[in-house]
1. Zone of residue 276 (label point 7 Å along Cα→Cβ, backbone N under 18 Å): which residues in the stretch 134-159?
2. Can you give the extra length, in nm with one decimal, that the chain gains between residue 238 and residue 159 once fully stretched, where that is 0.36 nm per residue apart less the Cα-Cα distance?
3. Once each part is reduced to its C-alpha centroid, what is the distance from the stretch 179-247 to the stretch 34-52 in angstrom?
4. Between residue 189 and residue 42, what length comes free when the chain is fully extended (0.36 nm per residue of separation minus the Cα-Cα distance, one decimal in nm)?
5. Give the residue from 41, 26, 61 lying farthest towards the positive end of the charge dipole for the stretch 19-72; charges sit on Cβ (+1 for Lys and Arg, -1 for Asp and Glu) and the dipole is referred to the Cα centre.
6. Note down the magnitude of the dipole of the stretch 169-250 about its Cα centre, charges +1 on Lys and Arg C-beta and -1 on Asp and Glu C-beta and zero elsewhere, to the nearest 20 debye.
7. Leaving out ligands, DNA and RNA, and with a 1.4 Å probe, what % of the accessible surface on the stretch 125-196 is carbon or sulfur?
8. Determine the gain in length on full extension of the stretch residue 151-residue 27; use 0.36 nm per residue of separation and subtract their C-alpha separation, reporting nm with one decimal.
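The values are calculated or read from the model by the stated rules, or taken from the named source; none is laboratory data. Bear in mind that the values here come from a model prediction, so they are computed numbers and not experimental data. For neighbour counting, all protein chains shown are included, and Cβ atoms are generated from backbone atoms with ideal geometry for every residue, glycine included. Surface accessibility is based on the protein's heavy atoms, side chains included, excluding ligands, DNA and RNA. Shrake-Rupley method; radii C 1.70, N 1.55, O 1.52, S 1.80 Å.
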Amino acid sequence: MTAKYQNSFKPKRPSSVSYRQKLSVLKRMIVEYVHENAALVDELEEVQINIIIRKEERKFLLRKLCEYEPQLCQEIQNVAKGTALAQSTTSDVKKSRKKSSESSVTERRSSTSKPRKPSVKSNKKKFIQPVLVDSVGRPLFPIDLGRLTIHSLGDVVIDLPEFHCEEAIFPIGYVSTRIYGSLRDPTVKCIYTCKISEENGNPLFAIASDDGTSEITGDTPDICHSLLLQQINDALSLNVVSTRPRGNEFFGLTHPTVLHLLQTYPGSRKCINYKWTRFEVSKTAETSKDYNDAGLSYDYLQRSINMCKYKMAPDVLQKPSDYIDSL
């Protein structure tokens, strides 16, 4: 009897079926969280794009208003100068306080510890491959840079700050081409021509394709690139590519070879907003690698399309070779 009662009070081991049910529930929850996270990311990107577009529209309306009311334009410039001066003074005060605190700390350290050798910051050069030039020293076009081809560098505008930023210069007459997915059928290759022109004293950026679709224009490269990516998603009715813009890269304006050639233009050092970069031409330099981004590379766009199609119908379509299962 005692043995019978002892066996009746032994805890039962959970069966493998219960574990499988729990595992299926966890997998289902993970999939729901992944989809929810992706939806939130897409919504955030759309909000960021709308913010960029609204900023550009505000600048455009302000320029138009200044054309009709010159007195208002002068008042805006005075206010902008005053705010810039106030910001510079506050930044100078902060820098002086920081320097004084750092000097006091270094004096204390020097009094308590042994003197050390001062550290020298190394400003590394970027190496680029040589470009073919004519007898005068001007580059020969077209310049083949992999998936990017430069047909004209244009003319650098040094007296207007709108024609350059910290990372790129926007020369008038700049023309480049890039292979990417067509707006009619993103699975088909298409040649896009990127141009920079001038309109009312401001740069105008344009992206035109050879598939007969309408030209995309904007006040910045990011606006053009964002509209292009949105049309790619609309053509497939899928979010195959992030609409976060990388316009300067798509135009080729931040390519090391392009920056080096633009920096050799006379007067390019007068571009006050541009951050100068040191380049050195070397025959042993490695070729610049294309961006592994679906928004810039045709090959990575096709990979993203295949992955999205497989996720929509995994039982029907064949699993891509480079597909990584998250579960």
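1. 156-159
2. On the way: separation 79, 0.36 × 79 = 28.44 nm, distance 4.39 nm.
Gain on extension, residue 238 to residue 159, equals 24.0 nm.
3. First find each Cα centre; the distance between them is then 20 Å.
4. The span from residue 189 to residue 42 would gain 50.3 nm if fully extended.
5. 26
6. Magnitude of the dipole: close to 260 debye.
7. Working: 2070 of 3730 Å².
Carbon and sulfur: 55 percent of the exposed surface of the stretch 125-196.
8. On the way: separation 124, 0.36 × 124 = 44.64 nm, distance 5.21 nm.
That works out to 39.4 nm of additional length.
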